[in-house]
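Visitor: Have a look at this one.
The values are calculated or read from the model by the stated rules, or taken from the named source; none is laboratory data. Since the structure is predicted, the reported quantities are computational estimates derived from the model, not experimental observations. Here the Cβ positions follow ideal geometry from the backbone for every residue, glycine too, while neighbour counts run over all protein chains shown.
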Amino acid sequence: MGRTLTEVKGSRSVHGNQIEVSYDIAFDATYVANGEPLTPRQVGLKTILTMDTPGTLPSGHSVYYDRANNRVKVLLVNTTVAEVGGGTNLSTVAARLKMTGW
């Protein structure tokens, strides 16, 4: 798998019928074309309603969640905004993702 997920200790909380949890995601040397798979089950949820991601990272990348396809995608933000290509080395890219779901 092309990324590592680590739950942020103490981040899981329940608000009514919704659960909020944060994960640190670290990518590796081989990015998967069209994004890294991330299902709700992998983060202890049945459904991911929202995912907050940081803005542009110091590396010039941005991370976003493609909910329709259950994938985390990495964009290169420079003069244009485009998803990085498959096989790209992203071993220096990491971000904190905050998810809400149930």
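Visitor: Within the stretch 14-29, which residues are within 18 Å of T92 (Cβ to Cβ) and surrounded by 14 or more Cβ atoms within 10 Å (Cβ to Cβ)?
Guide: So the first thing to find is which residues in the stretch 14-29 are within 18 Å of T92 (Cβ to Cβ), and the list is 24-29.
Scanning the stretch 14-29 gives D24, I25, A26, F27, D28.
Visitor: Let me confirm something: among L90, L97, which residue is touching an Asp or Glu at 6+ places or on another chain (Cβ under 8 Å), at pLDDT 95 or above, part of a loop (DSSP other than H, G, I, E, B) and not small (G, A, S)? Let's see the steps before the verdict.
Guide: Working: L97 fails: part of a loop (DSSP other than H, G, I, E, B).
On inspection, the qualifying residue turns out to be L90.
Visitor: Could you list, in sequence order, all residues of the stretch 30-39 that are of a type outside the set (A, V, I, L, M) and surrounded by 16 or more Cβ atoms within 10 Å (Cβ to Cβ)? Break it down into steps so the answer makes sense when it comes.
Guide: Pass one, the stretch 30-39, residues of a type outside the set (A, V, I, L, M): 30-31, 34-37, 39.
Across the stretch 30-39, the qualifying residues are Y31, G35, E36.
Visitor: Look at S11 and say whether it is at pLDDT 95 or above, of a type in the set (G, A, S), under 12 Å from M99 (Cα atoms) and not in a loop (DSSP other than H, G, I, E, B). Walk me through it before giving the result.
Guide: Working: at pLDDT 95 or above: yes; of a type in the set (G, A, S): yes; under 12 Å from M99 (Cα atoms): yes; not in a loop (DSSP other than H, G, I, E, B): no.
Taking the combined requirement at face value, the residue does not satisfy it.
Visitor: Another one. Suppose we keep only residues that are part of a strand (DSSP E or B) and of a type in the set (S, T, Y) within the stretch 50-64. Which one would you say is nearest to L90 (Cα to Cα)?
Guide: Initial filter on the stretch 50-64 (part of a strand (DSSP E or B)): 50-52, 61-64.
Now drop any that are not of a type in the set (S, T, Y), which leaves 50, 62, 64.
Working: T50: 24, S62: 12, Y64: 15 Å.
Per the criteria, the residue is S62.
Visitor: Count, please, the residues in the stretch 50-102 that happen to be crowded, with 16+ Cβ neighbours inside 10 Å, under 22 Å from E7 (Cα atoms) and either over 11 Å from the mean Cα position of the chain (by Cα) or in contact (Cβ under 8 Å) with a residue 60 or more places away in the chain (or both).
Guide: Matching residues across the stretch 50-102 total 11.
Visitor: Within the stretch 15-43, track down each residue that is under 21 Å from L57 (Cα atoms) and out of contact with any strand residue (DSSP E or B) (no Cβ under 9 Å at 6 or more places or on another chain). Lay out the reasoning, then the answer.
Guide: Here is the first cut: in the stretch 15-43, the residues under 21 Å from L57 (Cα atoms) are 21-38.
If the condition is that a residue be under 21 Å from L57 (Cα atoms) and out of contact with any strand residue (DSSP E or B) (no Cβ under 9 Å at 6 or more places or on another chain), then A29, T30 are the ones that fit.
Visitor: Would you pick out the residues in the stretch 63-88 that are within 13 Å of T39 (Cβ to Cβ) and among the aromatic types (F, W, Y)?
Guide: Y65, the sole residue that qualifies.
Visitor: Looking at the stretch 26-66, which of the residues that are touching a Ser or Thr at 6+ places or on another chain (Cβ under 7 Å) and among the hydrophobic types (A, V, I, L, M, F, W, C) is farthest from M99 (Cα to Cα)?
Guide: Out of the qualifying residues, it is A29.
Visitor: If you take the residues of the stretch 14-33 that are assigned to a loop (DSSP other than H, G, I, E, B) and β-branched (V, I, T), which of them is nearest to N69 (Cα to Cα)? Give the derivation first.
Guide: Of the stretch 14-33, the ones assigned to a loop (DSSP other than H, G, I, E, B) are 16-17, 28-33.
From what is left, the residues that are β-branched (V, I, T) are 30, 32.
On the way: T30: 20, V32: 14 Å.
Here the residue is V32.
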